[in-house]
Amino acid sequence: MLARAAAVGVAMLVLSASCSSPDVRPAASPTAPATATATSVGPATATAGARTVVFIGDSWTDGTGALRSGGFPALTAELLGWEYTELGVSGSGYVVPGAGGPFRSRIAQAVAGAPDVIVVQGSLNDQRVDVDELGRAALHTLTELRQEADPATDILVVGAPDAPGTDPVRIDRVNDAVSAAVSAAAAAADVRFVDPAAEGWTDPDDPALWADPIHPNDAGHREIAERLAPILEDVVQR
């Protein structure tokens, strides 16, 4: 694992795993609090009456590592022709606050406007958290999100990904805890879970996908978007 991370680190510019402060992009609504990244309207492909999706997540959601594309939220919205809001906070997770608070702190922002879908992504930042604590935090977060969201809003939970600089065993523990929380939340509401590590969304051994040992580059973000877009299509059509 160390050799793999080192190889990618030599080949590419290494960024801090905790990432820099969120990058604020032009917003269609009032400026968001400092706890979240910018709100963005959809791409040029979005049409009048387009569906809306909100992304809650960590530095992957805020597009860290993407130099041209804006990251997988923007690319996913482009593929779908949807409008999107991105609420990524570097270093955060269900438990870990990172640069501005854990996922739960962004629920009010996420549900405002009653989007068609809310995506909760991550987080590899929780990989060293006690698994029981993580499970409780994920369950509380997802239960509160389901309660606060519009009944017509679908919720998709995307687990922690594999990366060259992560331990697959730790990532599996995170996703097992989150999956169990989703199952518990789903007992009362419709919440779907996708495990990108188990499904091989990002190949940690392919240096063409990585900006550094933790974050995907533009090509890596596009790989995620191409996996995620058809799942979102299916979610809203159920």
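The values are calculated or read from the model by the stated rules, or taken from the named source; none is laboratory data. Treat the numbers as computed from the prediction; the structure is a model and nothing was measured. Note: ideal-geometry Cβ built from the backbone for every residue, glycine included; neighbour counts use all protein chains shown.
Quick one: Gly200 ticks every box in (1) at pLDDT below 90; (2) loosely packed, with under 15 Cβ neighbours inside 10 Å; (3) not hydrophobic (A, V, I, L, M, F, W, C) except a single one, so which number is it?
(1)
Any chance segment 154-174 includes a residue that's on the phi < 0 side of the Ramachandran plot, surrounded by fewer than 16 Cβ atoms within 10 Å (Cβ to Cβ) and within 16 Å of the chain's Cα centre (by Cα)?
no
Yes or no, residue by residue, for (1) assigned to a strand (DSSP E or B); (2) of a type in the set (A, V, I, L, M, F, W, C); (3) without any contact (Cβ under 8 Å) to a residue 24 or more places away in the chain; (4) in contact with a Phe, Trp or Tyr (Cβ under 9 Å, 6 or more places away or on another chain):
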| position | (1), (2), (3), (4) |
| --- | --- |
| Thr143 | no, no, no, no |
| Ala152 | no, yes, no, no |
| Ile155 | yes, yes, no, no |
| Pro161 | no, no, no, yes |
| Arg173 | no, no, no, no |
| Ser179 | no, no, yes, yes |
| Ser183 | no, no, yes, yes |
| Phe193 | yes, yes, no, no |
| Pro196 | no, no, no, no |
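Gly135: on the phi > 0 side of the Ramachandran plot, buried (at least 18 other Cβ atoms within 10 Å of the Cβ) and in contact (Cβ under 8 Å) with a residue 12 or more places away in the chain, yes or no? Before the answer, list the steps.
Values: on the phi > 0 side of the Ramachandran plot: no; buried (at least 18 other Cβ atoms within 10 Å of the Cβ): yes; in contact (Cβ under 8 Å) with a residue 12 or more places away in the chain: yes.
In short, no.
Looking only at residues that are buried (at least 23 other Cβ atoms within 10 Å of the Cβ) and among the hydrophobic types (A, V, I, L, M, F, W, C) in segment 118-132, which one is nearest to Ala180 (Cα to Cα)? Break it down into steps so the answer makes sense when it comes.
Looking only at segment 118-132, we keep the residues that are buried (at least 23 other Cβ atoms within 10 Å of the Cβ), and these are 118-126.
Going one step further and asking which of them are among the hydrophobic types (A, V, I, L, M, F, W, C), we end up with 118-120, 124.
Values: Ile118: 19, Val119: 17, Val120: 15, Leu124: 16 Å.
Top of the filtered list is Val120.
Per-residue answers, yes or no, for (1) within 18 Å of Thr141 (Cβ to Cβ); (2) aliphatic (A, V, I, L, M); (3) surrounded by fewer than 21 Cβ atoms within 10 Å (Cβ to Cβ):
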residue: Arg68; (1), (2), (3): no, no, yes
residue: Gly71; (1), (2), (3): no, no, no
residue: Leu75; (1), (2), (3): no, yes, no
residue: Tyr84; (1), (2), (3): no, no, no
residue: Gly88; (1), (2), (3): yes, no, no
residue: Gly91; (1), (2), (3): yes, no, yes
residue: Pro97; (1), (2), (3): yes, no, yes
residue: Arg104; (1), (2), (3): yes, no, yes
residue: Val111; (1), (2), (3): yes, yes, yes
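Quick grid of which residues meet (1) at pLDDT 95 or above; (2) touching a His at 6+ places or on another chain (Cβ under 9 Å):
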{"position": "Leu79", "(1), (2)": "yes, no"}
{"position": "Tyr94", "(1), (2)": "no, yes"}
{"position": "Ala112", "(1), (2)": "yes, no"}
{"position": "Asp116", "(1), (2)": "yes, no"}
{"position": "Asn125", "(1), (2)": "no, no"}
{"position": "Leu139", "(1), (2)": "no, no"}
{"position": "Ala180", "(1), (2)": "no, no"}
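Go through Gly65, Gly93 for me and flag whichever is more than 17 Å from Val129 (Cβ to Cβ), touching a residue at least 12 places away in the same chain (Cβ under 8 Å) and in a loop (DSSP other than H, G, I, E, B). Please lay out each step first, then the result.
Working: Gly93 fails: more than 17 Å from Val129 (Cβ to Cβ).
Unique residue meeting the criteria: Gly65.
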